[in-house]
Ligand SMILES: [Zn+2]
Ligand SMILES: [Zn+2]
């Protein structure tokens, strides 16, 4: 799922100051283009960021709905940038663990209808597909 992302705009639209470190994290998430673990983010960020700062910024991005925290059934959470009113769906390969974002906008209309009919207030949603990825299917 590749969309043009302007990190500075994204932060300011959420009412957050575009500090250098926040910009780095949003940029790294945008470049990853798939759900990544904090460890995977730390590698390209290297010396410019320590783990505690990274976690704090990720928490803030999730709290402001700029990023999705996604549990792919692993030890670590994965993070990706938000898309669509109900977020977006993810696919996880049960053989190699490969996780990717799915462009699930086609589901948005149906989800909106479903949510409108529910008597409860839904604050977040997570749609996860498990299966075998394209690469693993070849072997
Ligand atoms: Zn796989
Ligand atoms: Zn995603």
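The values are calculated or read from the model by the stated rules, or taken from the named source; none is laboratory data. Computed from a predicted structure; not experimentally measured. Ideal geometry is used to build each Cβ from the backbone, glycine not excepted, and the neighbour counts take in all protein chains shown.
Things to note:
- Residues being assigned to a loop (DSSP other than H, G, I, E, B), modelled with pLDDT under 90 and out of contact with any strand residue (DSSP E or B) (no Cβ under 9 Å at 6 or more places or on another chain) - total across region 101-127: 4
- Filter pass, residue 30 being in contact (Cβ under 8 Å) with a residue 24 or more places away in the chain and within 16 Å of residue 98 (Cα to Cα): no
- Odd one out for residue 76 among (1) away from ligand 1 (no atom under 16 Å from the Cβ); (2) out of contact with any helix residue (DSSP H, G or I) (no Cβ under 8 Å at 6 or more places or on another chain): (2)
- Scan region 106-133 for residues that are closer than 24 Å to residue 63 by Cβ, surrounded by 11 or more Cβ atoms within 10 Å (Cβ to Cβ) and more than 11 Å from ligand 2 (Cβ to nearest atom) and the total you get is 5.
- If you filter region 101-114 down to residues that are touching a residue at least 12 places away in the same chain (Cβ under 8 Å) and more than 16 Å from ligand 1 (Cβ to nearest atom), you find that the one that is farthest from residue 137 (Cα to Cα) is 112.
- Residue count, region 115-139 (criterion: within 16 Å of residue 70 (Cβ to Cβ), away from ligand 1 (no atom under 16 Å from the Cβ) and out of contact with any helix residue (DSSP H, G or I) (no Cβ under 8 Å at 6 or more places or on another chain)): 3
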